[in-house]
1. Summing Lys, Arg as +1 and Asp, Glu as -1, what charge do residues with Cβ under 13 Å from the Cβ of B:V352 carry, B:V352 excluded?
2. Over region B:203-302, what is the mean sequence separation of C-alpha contacts under 8 Å (at least six apart), divided by residue count, expressed as relative contact order in percent?
3. Where does each of B:K155, A:K188 land when they are ranked from fewest to most other beta-carbon atoms within 10 angstrom?
4. What's the exposure ranking of B:K210, B:K296, going from fewest to most Cβ atoms within 10 Å?
5. Output, in nm with one decimal and in ascending order, the distances from the B:G117 label point to the matching label points of the other copies (7 Å from Cα along Cα-to-Cβ).
6. Once the Cβ-Cβ distance between A:T195 and B:A308 is put in as r, and R0 is 41 Å, what FRET efficiency do you end up with, to the nearest 0.05?
7. If you average the alpha carbon positions of region A:330-399 and of region A:35-114, how far apart do those two centres end up, in angstrom?
8. Rounded, prolate or oblate: which fits chain A when a ≥ b ≥ c are the square roots of the eigenvalues of the alpha-carbon gyration tensor, with rounded for a/c under 1.5 and prolate only if a/b beats b/c?
2 protein chains.
Amino acid sequence: MLDLIAPLVVPNTTKIVLLSLDGLGGLPRPETGRSELETARLPNLTKVASEGACGLLRHVAPGITPGSGPGHLGLFGYDPQRFLVGRGVLEALGIEFALRGGDVAARGNFCTVDGAGLITDRRAGRIPTELCVRLVDRLRAIRLPDVDVHVEPVKEHRFVLVLRGAGLSGRLSETDPQATAKPPLPVKALESGATKTAELVNRFIAEARKLLVGEPKANMILLRGFDLLPDLPRFPDLYQLRAAAIAAYPMYRGLAKVVGMDVLKTGATFTDEIATLREHRDAYDFFFVHYKDTDKAGEDGDFDAKVAALERFDAALPGITALAPDVLVVTGDHATPSILAAHGWQPVPVLVRSAYSGADPVTAFTERACAAGTLGLLPAHHLMPIVMANALRLTKFGA
Amino acid sequence: MLDLIAPLVVPNTTKIVLLSLDGLGGLPRPETGRSELETARLPNLTKVASEGACGLLRHVAPGITPGSGPGHLGLFGYDPQRFLVGRGVLEALGIEFALRGGDVAARGNFCTVDGAGLITDRRAGRIPTELCVRLVDRLRAIRLPDVDVHVEPVKEHRFVLVLRGAGLSGRLSETDPQATAKPPLPVKALESGATKTAELVNRFIAEARKLLVGEPKANMILLRGFDLLPDLPRFPDLYQLRAAAIAAYPMYRGLAKVVGMDVLKTGATFTDEIATLREHRDAYDFFFVHYKDTDKAGEDGDFDAKVAALERFDAALPGITALAPDVLVVTGDHATPSILAAHGWQPVPVLVRSAYSGADPVTAFTERACAAGTLGLLPAHHLMPIVMANALRLTKFGA
């Protein structure tokens with residue numbers, strides 16, 4: 001898809017706003033037979049859905065539940081099956097570490113081992129974050145051949161390790177045996193190309209062991225979730241869009257940064273996010289705006305809270321439509337049905353409104369109604385080409 | 001798809017029932033403008049369709065009419081374009097021969113040749129089956145280097161030849177010249193890797209000739225439909241499901257066996273099949289239940305008989321829903337429109353009902369109504385991931 005559209009991109013002055021409601025899609029509550037979207041009063045969403053073209057997005061593949069990484073990469077136009085984002089990378093993005101393509105990231109834990117090297121506490125008694133910061137600083141002294149070593153504190157016993165250099169692999173086994181009274185496991189290469197990376201990580205662990213030996217609790221480390229950040233084509237270059245991300249949560253800011261968007265400073269609320277959008281309206285062509293509350297309520301299994309989160313979003317929507325973007329997109333990164341209390345595999349409603357989107361028979365922004373929309377059921381990474389077309393930023397294919 | 005979902009499979013205790021109505025899909029009768037599904041009274045199917053998510057399955061590709069092999073492999077989650085099942089293999093499965101991946105099977109005919117070796121009867125006067133059994137027993141004396149030779153009688157002049165060994169190919173030309181007064185053709189390799197197999201088969205034919213020389217009618221053999229059974233990943237391993245097949249017809253039992261399902265002993269009617277399902281409910285996680293009558297009526301071009309077959313199925317459905325499977329799937333392996341009196345290329349209705357399937361606007365289980373369902377129009381081999389997700393047997397993709 002990227003190869004297809006890249007040569008067709010043409011410049012324009014049109015503005016695009018992509019609103020991502022995290023965990024947007026839901027399921028009917030058995031008592032009423034109506035989903036969160038079908039229960040909420042959403043006059044503003046209903047209006048834009050009636051004015052635009054609707055459909056359903058599938059982020060990875062039928063039946064596959066997307067994590068937040070793949071869910072958003074799909075919205076940005078990257079096939080999530082081709083550009084994999086795993087746990088270590090998300091962990092690093094969650095602290096807004098500026099990851100680059102080819103970096104290998106891992107989640108680290110400080111742990112306690114006894115004189116025989118056996119684990120007595122996998123979380124080192126959850127040491128205070130201040131101690132974590134000091135110990136991480138000590139680990140920063142570790143040097144490895146041919147790679148840059150980055151160690152970043154997270155919270156309590158948790159930290160992130162990032163190796164940066166050529167030819168690294170994320171296909172490594174974990175060192176946490178997931179039990180006490182066992183020694184930490186050595187890292188093993190899970191593919192032939194990972195041997196060098198495994199050696200480097202084992203060397204890091206050995207050095208860390210030496211540097212931590214006198215600590216009463218945090219005298220060893222465990223590493224898991226090794227993951228390589230793929231080389232992603234830069235979003236602003238690919239689409240020739242000055243692109244900005246507005247997201248209160250670090251992980252989503254991190255995901256946007258990874259694809260090369262500018263991440264704007266904003267406040268903790270959606271109202272803050274809209275103020276940021278208004279403020280920067282002229283400086284960018286594309287805005288990715290993230291709304292977290294829908295996912296939080298869904299993950300909590302709180303149907304009413306998700307309905308309320310949708311209604312709050314709807315109440316705020318006129319603040320965005322008033323800016324009159326040429327293309328307005330409303331969708332989500334995955335479903336989080338309240339009755340599932342987790343991410344779900346269900347397709348997610350999407351609407352695209354522009355002067356050229358056409359209106360379709362859909363007059364409500366719900367899972368059921370959008371199934372009959374003219375956008376159809378489409379892979380999430382096919383959305384950006386449609387958005388670009390609506391922004392008159394794609395020329396025709398072939399003569 | 002298999003590579004994508006295999007690492008995501010997690011165990012659970014949920015039960016899945018997949019009902020395959022052979023040749024389910026139909027077309028409107030010109031007189032009424034209504035298809036078989038639109039004509040039949042189907043209160044129970046209508047109810048589950050209203051409660052679940054609906055869509056349309058395409059088994060191979062647009063415009064392509066599936067045979068029964070590809071049609072069912074698709075339902076089991078195997079891309080029928082990648083895992084080919086041809087005539088020789090289906091012939092062997094039709095007599096429930098326990099084929100293994102890598103086996104080469106061919107359809108055999110006894111025939112009559114004159115003193116000059118020219119064919120005088122391509123079917124050896126349709127010798128009685130008892131004689132076929134005796135002659136096949138004689139051919140079982142044939143030994144070939146490095147492969148096991150299996151010869152099995154079918155009916156009248158027909159038998160099945162199976163070669164089992166390493167490195168065989170099914171890309172062989174047929175020996176039947178499709179005319180009398182011509183000699184049987186030698187087998188030729190149709191790809192470079194098939195030379196050894198061609199030599200083995202030609203040696204088998206030469207030995208058979210010698211063993212049959214004194215027979216008055218069946219004094220020679222013809223072989224066609226050479227076909228290799230691909231190495232299919234085992235269904236129970238792939239999905240971590242204890243899987244059982246309930247089918248009255250041998251070919252469908254054979255197809256299920258090929259993918260590693262347990263094939264349960266059952267009676268000749270659908271009522272028998274449901275009794276078998278009830279009896280084994282606790283011992284398995286997944287049941288494939290096959291209903292043949294719809295296809296038979298469609299193949300006969302008997303619209304009313306197909307309507308009646310659908311209504312009989314509908315009347316029996318409560319016997320299955322009463323078992324309360326966590327995921328109920330109703331679909332078919334291909335269309336057999338009565339007005340076509342043959343398999344058709346038309347997409348086939350599908351419904352998936354579970355606590356998490358969501359309900360869509362579809363309130364009738366027909367070709368037209370299912371087109372507006374939330375499952376959309378999907379390749380048949382994408383159905384199993386959706387089924388697994390609804391059974392809460394897949395974890396999420398990416399973090």
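What follows draws every value from the coordinates through simple rules; no lab data is involved. Predicted model, so just to flag it, every value in this text is computed and none were measured. Here Cβ is always computed from backbone atoms with ideal geometry, including for glycine, and neighbour counts include all displayed protein chains.
1. Spelling it out: positives minus negatives among the neighbours equals -2.
2. 24 percent
3. Result, fewest neighbours first: B:K155, A:K188.
4. Ordered by Cβ neighbours within 10 Å, fewest first: B:K210, B:K296.
5. 7.5
6. According to the calculation, E is roughly 0.05.
7. 16 Å
8. Since a/c reaches 1.5 and a/b is larger than b/c, the shape of chain A is classed as prolate.
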